[in-house]
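In what follows, a single structure is set out as structure tokens and then discussed.
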Amino acid sequence: MTETPMLTVRLGKIAHGGHTVARHEGRVIFVRHGIPGELVNVRLTDSAPEAKFWRADVAEVLEASEHRVPHFWDAADALKHRDPVGGAEFGHITLEHQRELKSQVAAEQMTRLGGLKAEDYNFPAVQAVKGAADGLGWRTRMSYSVDAQGKLAMSAFRSNQLTGIAQMPLAHPAIEATGLYSVDYSGIERVEAAVSSQDDQTVLILLAEASTGAAAKVAKQFTEGVNVAAFSQRGGAAADGKGSLQTLAGSAFLTEKVLGEKFRITGEGFWQVHREAASLLSQRVVELTEPAAGEQIADLYAGAGLFSVPLAKAVGSQGRVFSIEGAPGTHADAKKNLRSYSQATVIRGRVERVLRQVAGDASLDAVVLDPPRTGIDKQVAAELASIAASRICYVSCDPAAFARDTARLMGRGYELEHMEIHDLYPHTHHMESIGLFVRR
């Protein structure tokens, strides 16, 4: 077996994606598991001679940053394991410094991709959110692979190599308490778990069945009170809503409660991951959008109606809200969650096509959108520009996509009036941005 090359480098600035940037003999190396300023030995993970840049993991710290702390999760610690599992790539950094680094990334992306000059724009710092002081136990949705022994497993960054796990400290305590790590999942492709933030204890386990009867055998291993369902979708995620559900124990859906309103979320339906995210984002979207009675508003990529419900309440019976979602399972949830609001029209379809139809029938005053991680495309940006709504409230989970779309919207007649960033993904490089764009 060929020994993996090791290099000694000084880590430079933070980069989007959870990396620091280092250089070695003129070669750029994107390094994970480090902190800017540290002197480290790194193990090259991608060093093809023709590559524009190399990739590496920190293997040993020679001069540690003052912000380095012991990793809270052994399986994800690069100093202990050659292939640390993903999902907690900032776990070796103090929470305060994690947010400082994320703020730097957001500012860099808005400057480089958004076309805004940092010196002319007061980019906001990443804000801490309500939750445990140690940043653990916040994930209400989890996705696991299954290894050859039928145990839950996760993989390293950019790797298909599975590592069996016996805990996931970022997962909600109720998920961890189900005993899911001791279950034999033989015959199952992957496992997804979700807990309701309404009562912080109702858990749903979703099983991707790969052999006849395997899911039923797995369901019997859980104690009474744990909901278990099988879904047919093999690729992607259950949240895509493309698979069919079979209830095996209890119920195949969860009930969520946000700002006093109840939402039904089926096993395949999308919902915010952080236990405080749904309430925080709903409140801020309404406050920033300022929907008025009688207004007409489009909610794009609306999911189960998280924003559509409070918007419908705000515009009242004389207004209209168009809740637009493409995933079939999540769309079905939205129809149920908005059924008591006659002013809400729930539509399933591709956003750019449906938005054009809606704009032909209504004069939209505002648009709210929470697109996938990739953001919107040029066609959607063009449709938004042609509608010329007075304000657009944009929720994004990726700073690069948000920056690119900021440039697109500003190039089509909008100004970014307000931006805020929330640390809804502690111990990871991810962040949640909310921007308010107003028509010039």
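Keeping all protein chains in place and using 1.4 angstrom, which order do Ser317, Ser390 fall into by accessible surface area, from largest down?
Numbers: Ser317 90, Ser390 55 Å².
From most accessible down to least: Ser317, Ser390.
How high is the relative contact order of the range 233-346, given as a whole-number percent (alpha carbon pairs under 8 Å, six or more residues apart)? Walk me through the intermediate numbers first.
Details: 206 pairs, mean separation 29.4, N = 114.
It rounds to 26 percent for the range 233-346.
Listed values for the range 261-271 are Karplus-derived 3J(HN,Hα) couplings in whole Hz (6.51 cos²θ - 1.76 cosθ + 1.60, θ = phi - 60°), namely 10, 8, 10, 9, 10, 6, x, 8, x, 7, 8, and x replaces Gly and Pro.
Using the 1.4 Å probe convention, the accessible area of the range 1-67 works out to 53 Å² per residue with neighbouring protein chains retained. Pairs of Cα atoms nearer than 8 Å and 6+ residues apart set the relative contact order; for the chain it is 12 percent. Relative contact order of the range 358-440: 32 percent, from C-alpha pairs under 8 Å at least 6 residues apart in sequence. Using a cut-off of 12 Å between alpha-carbon atoms, which aspartates and glutamates can reach Lys335, once sequence neighbours fewer than 8 places away in the same chain are excluded? Cα-Cα hits under 12 Å: Glu325.
If you count the DSSP beta bridges with both ends in the chain, what percent of them are antiparallel, to the nearest 5?
On the way: 63 of 93 bridges.
The antiparallel proportion sits near 70 percent.
Here are several values of P(r) over Cα pairs in 10 Å bins from 0, in percent: (1) 5, 23, 33, 24, 11, 4, 1, 0; (2) 4, 20, 28, 26, 17, 5, 0, 0; (3) 4, 20, 26, 20, 14, 9, 4, 2, 0. Which one was derived from the coordinates shown? Step by step, P(r) over Cα pairs in 10 Å bins from 0, in percent for this structure corresponds to label (2).
Could you give the longest part of the chain that holds none of the chymotrypsin sites (Phe, Trp or Tyr not before Pro) found in DSSP loops with at most 16 neighbouring Cβ atoms within 10 Å?
Details: sites that count: Phe53, Phe72, Tyr121.
Counting only loop sites that pass the neighbour cut-off, the longest clear stretch is 122-440.
The residues of the range 299-440 expose on average 34 square angstrom of accessible surface per residue, using a 1.4 Å probe on protein heavy atoms. Here the sum of -39500 (n - 2.57) over DSSP H runs of 4 or more residues, divided by the residues of the chain, equals -6000 deg cm²/dmol at 222 nm, to the nearest 500. For the range 335-440, just say rounded, prolate or oblate: build the C-alpha gyration tensor, square-root its eigenvalues into a ≥ b ≥ c, call rounded for a/c under 1.5, and beyond that prolate if a/b exceeds b/c, oblate if not. Oblate is the answer for the range 335-440, as a/c is 1.5 or above yet b/c matches or exceeds a/b.
If R₀ is 56 angstrom, what is the calculated FRET efficiency for the pair Ala118 and Gln221, using the beta carbon separation as r and rounding to 0.05? All intermediate terms of the calculation are to be shown ahead of the outcome.
Working: r = 54 Å, r/R0 = 0.96.
Computed FRET efficiency for Ala118 and Gln221 comes out at 0.55.
Less than 5 angstrom separates the built amide H of Gly316 from those of Gly294, all sequence-distant by 5 or more or on a different chain.
Using a 1.4 Å probe on the protein heavy atoms, what percent of the accessible area of the range 143-186 belongs to carbon and sulfur? Walk me through the numbers before you get to the answer.
Numbers: 930 of 2010 Å².
Result for the range 143-186: 47 percent of the exposed heavy-atom area is carbon or sulfur.
Note on Leu62 and Arg350: their simple-model spin labels are 5.3 nm apart, each label 7 Å out from Cα toward Cβ.
The values are calculated or read from the model by the stated rules, or taken from the named source; none is laboratory data. Please read all numbers here as calculations on a predicted model, not as lab measurements. Here Cβ is always computed from backbone atoms with ideal geometry, including for glycine, and neighbour counts include all displayed protein chains. Just so you know, the surface numbers come from the protein's heavy atoms only, side chains and all, with ligands and any DNA or RNA stripped out. Shrake-Rupley method; radii C 1.70, N 1.55, O 1.52, S 1.80 Å.
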